[in-house]
1. Taking helices (runs of 4 or more DSSP H) that do not extend beyond segment A:1-100, which have at least 1 residues that are basic (K, R) and open to solvent by less than 30 Å² (accessible area, probe 1.4 Å)?
2. Which one is nearest to the other protein chains (Cβ to nearest Cβ), of the residues in segment B:160-176 that are among the β-branched types (V, I, T) and within 16 Å of ligand 2 (Cβ to nearest atom)?
3. I'd like the full set of residues that are among the small types (G, A, S), part of a helix (DSSP H, G or I) and open to solvent by 20 Å² or more (accessible area, probe 1.4 Å), limited to segment A:101-137.
4. Just to check your reading of the model, which residue among A:Y98, A:Y85 is of a type outside the set (D, E, K, R) and either modelled with pLDDT of 95 or more or in contact with a His (Cβ under 7 Å, 6 or more places away or on another chain) (or both)?
5. Give me the pairs, please: first residue somewhere in segment A:13-30 and away from every other protein chain (no Cβ under 11 Å), second residue anywhere and charged (D, E, K, R) and in a helix (DSSP H, G or I), beta-carbon distance under 8 Å, and either six or more positions apart or on two chains.
6. Of these, B:L8, B:L30, B:L36, which one is in contact (Cβ under 8 Å) with a residue 40 or more places away in the chain and either open to solvent by less than 20 Å² (accessible area, probe 1.4 Å) or farther than 21 Å from B:M162 by Cβ (or both)?
7. For B:Y56, state whether it is assigned to a helix (DSSP H, G or I) and more than 16 Å from ligand 2 (Cβ to nearest atom).
8. Just one of (1) farther than 19 Å from B:I187 by Cα; (2) out of contact with any helix residue (DSSP H, G or I) (no Cβ under 7 Å at 6 or more places or on another chain); (3) more than 14 Å from chain A (Cβ to nearest Cβ) trips up B:V29, so point out which.
Amino acid sequence: MNNLFKAAFIIAGKDLYSEWKTKQVVTTMLIFAGLVIVTFSFAFDPSNNAVRAIIPGLIWVITIFSAILGLNRSFLSETKNDNLYGMIVSPTDPSSIYLGKVIANFIFVLIVQLVSIPALFILFDFRFMGNFPLFLAVVVLGTFGFISVGTFLAGLSSNSRSSEMLLPILLFPIVSPIIIAAVQATRILLIDIEQIASAISWIQLMGVYNLVFFVLCLVLFEYVLEV
Amino acid sequence: MILRGINLSIKKGETVAILGPNGAGKSTVLKILGGLIKASSGEVKVNGLDLKKDSYDVKRKIGFLAHNSFLYDHLTPLENLKFFGKLYGVENVEERAKQLIDEVGLSFFTHDPVRSFSRGMMQRIAIARAIIHQPEILLFDEPHTGLDQQAIKLLNDVILRMRDEGSTILMVTHDFQQAIETCDRFIIIKNGKIVDDLQNVERNIDTITEKYMEQVSGL
Ligand SMILES: Nc1ncnc2c1ncn2[C@@H]1O[C@H](COP(=O)(O)OP(=O)(O)OP(=O)(O)O)[C@@H](O)[C@H]1O
Ligand SMILES: [Mg+2]
């Protein structure tokens, strides 16, 4: 158990350090997020009050697409010199490789959210009045669910030549529930605060979804690496 | 089916050369032993431990060098070695990595990304990577490719020293001269089968070449 986390942190640390050196993934994600925000702030008049309704959707559009950008890279970067094999021949549990990748991808997306969500609020002149801890919980849970399933599928599709196309196709049906729950909960917390009870049920749904899929992916990742 | 009925038992401390034509299945044998691919049937045992069940304990003993370097292009030799050293739980990993870089003669390039390295320089670091945890079993796939004379001598010295320390070495090679200098058993693989197993033979390049030709050009 201890080994599982230790190796995962080593692998996540390597990915974060690589990113720190090359700055490829997060930069691409941030540029994408910036483009989305700029596009929408011109398409809709930010001073119009009704426009606030699109903010929950925008948060998740940015999250989903920047996550996919990162997920595609996540395992492709391990194929150049068969680097993944280097981990497989070492005494590293496949689950550690999965966990390490989840941690790294999760942190990349969190960084993008940390920059883009405040930027979104400022540009659309949105004053947050709801329950902030709950909002944070929704963002973290939704992102984690998406990343944990996405990392698994990215590993799976990296063995295929058309991995960049395969990933979104596989991802779509499996992550739909968590995305729906995340958007609903975010919408309630941001603009429809009276419905808070139903937001809590969406959060519970996300919690269960995350637990089930995360454990499944963790256990099954061994078969993803099998050649 | 790449391999057909490979049955091989190697004693501790043996140094074995695996010879054979391109595509014979030599790398595949090594990959199965290293746990990179799973055989459709059969099992791998090391010291009575099963590779599948006790993979943690077995893999810690194995040093694996493949055709590809396993190194990250954008990282320096030091960062690469530290990463893999940590995965193997090497103590004083920074010191060990520096010592190895020094040993393979690249201390001048410690802080350059390996992207800019030549083929032979890459191979030197790849060898350092494979032995960073002082493995008891070395699985080397064509370790001499791309190395210059000095590095070949260095590598042979490393292999001989590790043999003297009791390590077991399996080496796939096309370079008979190096095989003779370091190995005391020669296995010839053809079409996924072991066709010859030369033990206690004269370590003479002509003997080996003759045997090899007999098996390989025979059909
Ligand atoms: N991933 C794979 N999927 C299917 N067939 C493969 C795969 N890898 C290798 N092969 C086949 O297995 C056979 C043996 O390959 P292997 O790499 O073991 O040869 P080798 O003896 O190492 O050759 P070389 O001397 O060229 O390195 C070849 O016919 C090759 O086409
Ligand atoms: Mg080969």
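1. Ranges flagged: A:2-22.
2. It comes out as B:V172.
3. A:A119, A:A137
4. After ruling out the rest, the residue left standing is A:Y98.
5. Taking only residues 6 or more apart or on different chains, the pairs are A:V25/A:E19; A:V25/A:R73; A:V26/A:E19.
6. Values: B:L8 fails: either open to solvent by less than 20 Å² (accessible area, probe 1.4 Å) or farther than 21 Å from B:M162 by Cβ (or both); B:L36 fails: in contact (Cβ under 8 Å) with a residue 40 or more places away in the chain.
From the options B:L8, B:L30, B:L36, the qualifying one is B:L30.
7. On the way: assigned to a helix (DSSP H, G or I): yes; more than 16 Å from ligand 2 (Cβ to nearest atom): yes.
When the stated conditions are applied, B:Y56 passes them.
8. That leaves (1) as the condition not met.
The values are calculated or read from the model by the stated rules, or taken from the named source; none is laboratory data. Keep in mind the model is a prediction, meaning the values are calculated, not measured. All Cβ positions, glycine included, derive from the backbone under ideal geometry; neighbour counts span all protein chains shown. For the accessible areas, the whole protein counts, side chains as well, though only heavy atoms, and no ligand, DNA or RNA atoms are used. Shrake-Rupley method; radii C 1.70, N 1.55, O 1.52, S 1.80 Å.
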